[in-house]
Amino acid sequence: MKIAAYTVILGGLLASACGYHVAGRADRLPTSVRTIAVPAFANLTTRHRLTESLPAAITQELLARTRYRVVAEPADADAVLRGVIVSYNSYPTVFDPATGRATGVVVSVTLQVTLTERATGRVLFSRPNFEARERYEIAVDQRSYLDESDAALERLSRQVARAIVSAVLENF
């Protein structure tokens, strides 16, 4: 009986030290990187709100999930995360059969994202075709219409921030 108990305890101790880690906790950046700057994204589209909301969401995600300090000036950072908003598309996906009006819309954004070590110019992470989509609904009744596009862009920014920070940390 005692041997079985010791075996269970020993097995538990060995299993707890087997090297598994919680997803999203890996960090593949060089130890020399302690500060990151996230300047406003360049924009090749007509939707200007994203140039500020994407870097702000990425900054919040970096502060919440990592040990890195985010600095305002790229010249003061060990690494700089730059982005370009390449395309922005919005298209209806669901229509009201009675009126023919759109009731569901998808926003699609394509980005180029690069994290560069400032001192060496070495690219630490690059995603040349990062795509993100967010869906929102439009009220059928015009009297209760509320423009959900800005809220959808905020959700999209948070989604992009989570994905980019995870990809940078895990070097996907």
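The values are calculated or read from the model by the stated rules, or taken from the named source; none is laboratory data. Quick caveat, the model's predicted, so the values are computed rather than measured. Counting neighbours? That spans all protein chains shown, and the Cβs are built from the backbone with ideal geometry, glycine included.
When the stretch 60-77 is filtered for residues that are among the acidic types (Asp, Glu) and part of a strand (DSSP E or B), nothing remains. Among the residues making up the stretch 115-164, those that are modelled with pLDDT of 90 or more and either of a type in the set (Phe, Trp, Tyr) or in contact with a Pro (Cβ under 8 Å, 6 or more places away or on another chain) (or both) are Glu117, Arg118, Leu124, Phe125, Phe130.
Residues considered: Val105, Val113, Val123. Of these, the only one that is farther than 15 Å from Pro55 by Cα and buried (at least 17 other Cβ atoms within 10 Å of the Cβ) is Val105. If the condition is being touching a strand residue (DSSP E or B) at 6+ places or on another chain (Cβ under 8 Å), crowded, with 17+ Cβ neighbours inside 10 Å and within 20 Å of Arg28 (Cβ to Cβ), then the stretch 60-102 contributes Leu62, Tyr68, Val70, Ala77, Asp78, Ala79, Val80, Leu81, Arg82, Gly83.
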